Amino acid sequence: MLLSRLKYLVMDPPPLLVFEITDRTVSGVRRNAKNFDVEAVSSRELPEGVLDPSPARPNVIKPDLLEQTIRSILDELGAVRRPDVALILPDSSARLTVLDFDQLPRDQKERMRLIRWRLKKTVPFDVDQASIACQVWPAGERVAALVAVTPPEVVRQYEAPFENAGLWPGFVSLSMAETLNLLPSGKMTLLAKRSGRSLSMAAVEKGIVKMVRWVELTPGQGRAADSWADIAGDLYPTMMYVNDSLGVPVTKLVVCGFDLSAGEAERIPAEFGCAVEPLRTPRGHASSQDAGIWGYLSVH
């Protein structure tokens, strides 16, 4: 289930390097050139103030430090034959939304014109110049579209350090869009993914994204000691919205990036009235710093 591309480029074979950036970390993996199995994994914390992810302002505040971090990870991952890399950006660097239509034109230009017109009401930047990617599916007698939108200059800020390091970011996506690939298809599921100062949520039913929501956490909110107590206040109204607006209760809450104590893990199902489980990858529980990488690898 490929959910979002900010650039449409055919890449065959797929890139051997995959990187994910959050506001606090940079992570990367290197794959085997023959069977594409993951051979090396590396991650680095970013110094404070290197990034400030947002679609409405400059994101890369200290590009030299970001480039140094990328080069350090490359040294640990080892050499690759090809310079192409898949790049997964922070959720808060773009806007991901679900739009509902009576119908969409078949002509791609007309379709994008209509989507841009709808987005003008919801995003805080120039939609006419923005990079947009979408996936469309039937929604009863209507049509729904999962849309990712961000200014092209934001994407360029993230691409430039990789290019300076001798790499070519031919595929660019969002962490949440790729992470959704890790969800099993089934009854209504709410994915709650915390990464740094952001909380991203998506309601998914039978492989179809019904709703997405992003919340910027206040300073101090989301620390390991009090993450659940603080963020539960954002999750509960979201679950109520899914139930009331979509007419389907959430049967499973999948969490990523939460440091839950044993007591909290036992208490959550009773509080929310649904099953609760951590997001999983082929290597175990997903981390908020590389969930997008493993979601990408699950379909590429």
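Observations on the structure shown:
- With a requirement of 1 or more residues that are free of Cβ contacts under 8 Å to residues at least 60 places away in the same chain and out of contact with any His (no Cβ under 7 Å at 6 or more places or on another chain), the strands (runs of 3 or more DSSP E) lying completely within segment 119-193 that satisfy it span 131-139, 142-150.
- Residues located in segment 106-129, provided they are among the aliphatic types (A, V, I, L, M) and at pLDDT 90 or above: M112, L114, I115, L119, V127
- Filtered residues of segment 63-88 (kept if assigned to a strand (DSSP E or B) and in contact with a Ser or Thr (Cβ under 7 Å, 6 or more places away or on another chain)): I88
- Screening S72 against (1) in contact with an Asp or Glu (Cβ under 7 Å, 6 or more places away or on another chain); (2) within 20 Å of S287 (Cβ to Cβ) leaves a single unmet condition, (1).
The values are calculated or read from the model by the stated rules, or taken from the named source; none is laboratory data. All of these numbers come straight from a predicted model, not from anything done at the bench. Positions of Cβ are generated from backbone atoms using ideal geometry, with glycine treated the same way; all protein chains shown enter the neighbour counts.
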